[in-house]
Amino acid sequence: MARKSCCLVRRLEGARKDVPQSDVLSAVTAELGKIHSDMLAKATKERDDGIKQVTHWSEVMPLLKQKKLILAPWCETAESEIQIKHRTKEAMEDGAALVRCTGHCGRWPQHGQTGAMKSLCIPSDQPMLAGSQCFFTGAPAKRWGLFGRSY
């Protein structure tokens, strides 16, 4: 206070900056904007790295086991969605050992994780679809769908 300055510290990386008291409001506002931009860029990268584009059913299970999201051409039928969920649930149960949660609940399997894949959304940004077949049924695809595991 005697120096009429403040020390701003970013918790995540420990970056420190001395700012005159008269500039604190603008400095904090600018720093919050930078923190927001940095966090958004990190989250966007993690999301994008976690989405894998597939065109055949054979590519799905290895990626699901890596906890990836699946972007695939899809026929959008209710029947195929039910079958996808059923088939992925069976495959995950057959190949998975039960793991006790190491957190507070201690349940088996970990937090009721089924591993079944379900549709999450139809992304507004669509890759080229011309002539694509549904990754699951082989029928003509209507759009690319984003799929992920149920927890």
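May I ask you to list pairs of residues, at least six apart or on different chains, whose Cβ atoms are under 6 Å apart, with the first in the stretch 18-41 being without any contact (Cβ under 8 Å) to a residue 24 or more places away in the chain and the second being assigned to a helix (DSSP H, G or I) and surrounded by 11 or more Cβ atoms within 10 Å (Cβ to Cβ)?
Val19/Ala27
Identify, from the list Phe135, Phe147, the residue that is at pLDDT 95 or above, under 23 Å from the mean Cα position of the chain (by Cα) and in a loop (DSSP other than H, G, I, E, B).
Only one candidate passes the filter, namely Phe135.
Scanning for something farther than 14 Å from Leu120 by Cβ and of a type in the set (A, V, I, L, M, F, W, C), does the stretch 73-81 turn up at least one residue?
So far as the stretch 73-81 goes, yes, one or more of its residues are farther than 14 Å from Leu120 by Cβ and of a type in the set (A, V, I, L, M, F, W, C).
Residues that are at pLDDT below 95: which strands (runs of 3 or more DSSP E) entirely in the stretch 1-79 hold 3 or more of them?
Correct list: 5-9, 16-20.
Please enumerate the residues belonging to the stretch 130-145 that are free of Cβ contacts under 8 Å to residues at least 24 places away in the same chain and farther than 18 Å from Ile82 by Cα.
Ala130, Gly131
I need a count of the residues in the stretch 28-84 that are among the β-branched types (Val, Ile, Thr), over 20 Å from the mean Cα position of the chain (by Cα) and assigned by TED's automatic domain parsing to the domain that holds Gly115.
Number of matching residues: 2.
Among the residues of the stretch 93-107, is there at least one that is assigned to a loop (DSSP other than H, G, I, E, B), at pLDDT 95 or above and more than 18 Å from the chain's Cα centre (by Cα)?
Scanning the stretch 93-107 turns up no residue that is assigned to a loop (DSSP other than H, G, I, E, B), at pLDDT 95 or above and more than 18 Å from the chain's Cα centre (by Cα).
The values are calculated or read from the model by the stated rules, or taken from the named source; none is laboratory data. Remember, predicted model here, so these are calculated numbers, not experimental data. Cβ coordinates were reconstructed from backbone atoms using ideal geometry, including for glycine residues, and neighbour counts include every protein chain displayed.
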